[in-house]
Amino acid sequence: MAAAAKRLIPLLDRVLVQKAEAITKTKGGIVIPEKAQQKVLRGTVVATGPGSRNEQGNHVPMSVKVGDTVLLPEYGGTKVQLEEDKEFHLYRESDILAKIES
């Protein structure tokens with residue numbers, strides 16, 4: 001994890017995710033044009049907030065943790081540029097579609 005990402009601590013039920021790299025070559029070595037590449041819908045959780053609170057004020061713990069691989073929605077999230085070459089996205093926990101077990 002990048003040092004800049006360690007300094008960013010999401011609030012409440014927000015999750016900081018680093019999206020997986022897009023596939024640019026096939027197994028046979030054919031280069032896929034940028035327009036033909038599929039959107040990346042997987043990512044790795046880099047940081048999480050402490051969780052939200054319910055109507056009674058009780059703490060609701062997060063269902064994802066740092067290091068989890070998650071399935072992301074096609075649209076949404078807030079792009080965060082922490083370093084020149086690293087791009088992260090902030091999502092609410094409820095926006096994350098699924099956790100992928102490895």
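Answer with yes or no whether PRO10 is modelled with pLDDT under 85, under 16 Å from SER94 (Cβ atoms) and not in a strand (DSSP E or B). It is true that PRO10 is modelled with pLDDT under 85, under 16 Å from SER94 (Cβ atoms) and not in a strand (DSSP E or B). Report yes if LYS86 is touching a Phe, Trp or Tyr at 6+ places or on another chain (Cβ under 9 Å), modelled with pLDDT under 85 and surrounded by 10 or more Cβ atoms within 10 Å (Cβ to Cβ), otherwise no. Taking the combined requirement at face value, the residue does not satisfy it.
Just need a number here: residues in segment 40-61 that are assigned to a loop (DSSP other than H, G, I, E, B) and in contact with a helix residue (DSSP H, G or I) (Cβ under 6 Å, 6 or more places away or on another chain). Give the steps one after another, and end with the answer.
Applying the first criterion (assigned to a loop (DSSP other than H, G, I, E, B)) to segment 40-61 yields 40-41, 49-51, 54-58, 61.
Now restrict to residues that are in contact with a helix residue (DSSP H, G or I) (Cβ under 6 Å, 6 or more places away or on another chain): none.
Number satisfying all stated conditions: 0.
Going by the conditions given, is SER94 exposed (fewer than 11 other Cβ atoms within 10 Å of the Cβ) and hydroxyl-bearing (Ser, Thr, Tyr)? So SER94 passes the test.
Can you say whether LEU12 is in contact (Cβ under 8 Å) with a residue 40 or more places away in the chain, among the aliphatic types (A, V, I, L, M) and surrounded by 15 or more Cβ atoms within 10 Å (Cβ to Cβ), as far as the supplied structure shows? No: the conditions fail for LEU12.
Going through (1) part of a loop (DSSP other than H, G, I, E, B); (2) among the basic types (Lys, Arg); (3) modelled with pLDDT of 80 or more; (4) exposed (fewer than 10 other Cβ atoms within 10 Å of the Cβ) one by one, LYS79 falls short only on (1). One residue stands out among those in segment 49-77 that are more than 10 Å from the chain's Cα centre (by Cα) and among the hydroxyl-bearing types (Ser, Thr, Tyr): the one that is farthest from ALA98 (Cα to Cα), which is SER52.
Within segment 20-53, being at pLDDT 75 or above, out of contact with any Phe, Trp or Tyr (no Cβ under 8 Å at 6 or more places or on another chain) and under 18 Å from ASP68 (Cα atoms) holds for ALA20, LEU41, ARG42, GLY43, THR44, VAL45, ALA47, THR48, GLY49, PRO50, GLY51. LYS86 passes every criterion in (1) within 14 Å of PRO10 (Cα to Cα); (2) touching a residue at least 40 places away in the same chain (Cβ under 8 Å); (3) out of contact with any Gly (no Cβ under 7 Å at 6 or more places or on another chain) apart from (1). Please tell me if THR48 is under 14 Å from GLN18 (Cα atoms), crowded, with 16+ Cβ neighbours inside 10 Å and not small (Gly, Ala, Ser). For THR48, the condition - under 14 Å from GLN18 (Cα atoms), crowded, with 16+ Cβ neighbours inside 10 Å and not small (Gly, Ala, Ser) - is met.
The values are calculated or read from the model by the stated rules, or taken from the named source; none is laboratory data. In this text the structure is predicted, and so the values were computed from the model without any measurement. Methodologically, a virtual Cβ is constructed for each residue, glycine included, from the backbone with ideal geometry; neighbour enumeration extends over all protein chains shown.
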